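The block underneath contains the structure these notes are about, expressed in structure tokens.
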Amino acid sequence: MPEIRFQIQWPDGTQETCYSPSLVVKDYLEPGNIYELSDFIARSQTALTIASNRVKAKYGMPCSLALGQLQSLETRAQTYQDLANPKVQMIQFIS
């Protein structure tokens, strides 16, 4: 199963490299796009859940790395919820 990493920029300007065990994330995030924080999290939840389910279908267990990445994104997003109009930029995919 092809894995991929993707680089994002949080509302405070810090960048993070994230992991997905599946290329499905390319269906939900586009390099160069800037997403409302809630939209970014919703897209990440969908993409990483699908990716984890694909691993489960193939190997019999969900992908702990995908679910851990999702939990990390959700936790980090909480720190920006009180900002006025927080946005996340999708920078690039890293093969």
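What to note about this one:
- Distance between the modelled labels on residue 72 and residue 16, one decimal in nanometres: 0.8 nm (7 Å Cα→Cβ projection).
- Gained length - residue 61 relative to residue 42, 0.36 nm times residue gap less alpha-carbon distance: 4.5 nm
- Zone of residue 1's modelled label, taken as backbone nitrogen in region 45-71 under 14 Å from a point 7 Å along Cα→Cβ: 47-70
- 0 to 90° range, to nearest 10: angle between helix 64-78 axis and the chain longest Cα axis: 10
- Solvent-accessible surface (1.4 angstrom probe) belonging to residue 67, in square angstrom, nearest 10: 80
- Here the average projected area of the convex hull drawn through the C-alpha atoms of region 6-45 stands at 2.8 nm².
- Heavy-atom accessible area ranking, 1.4 Å probe, most first, across 12, 82, 39, 27: 82, 27, 12, 39
- Remark: region 2-95 carries 56 Å² of accessible area per residue (probe radius 1.4 Å; ligands, DNA and RNA excluded).
- √(5λ) per eigenvalue of the Cα gyration tensor, region 24-63, largest first, Å: 24, 10, 5
- The length gained by stretching the chain between residue 53 and residue 27 to full extension, at 0.36 nm per residue less their Cα-Cα distance, is 7.8 nm.
- Alpha carbon convex hull of the chain, projected area averaged over orientations, nm²: 5.4
The values are calculated or read from the model by the stated rules, or taken from the named source; none is laboratory data. Remember, it's a predicted structure, so these values are computed and weren't measured experimentally. Here the Cβ is made from the backbone with ideal geometry for all residues, glycine too, and neighbour counts use every protein chain on show. To get the accessible areas, we keep the full protein, side chains included, count just its heavy atoms, and leave off ligands, DNA and RNA. Shrake-Rupley method; radii C 1.70, N 1.55, O 1.52, S 1.80 Å.
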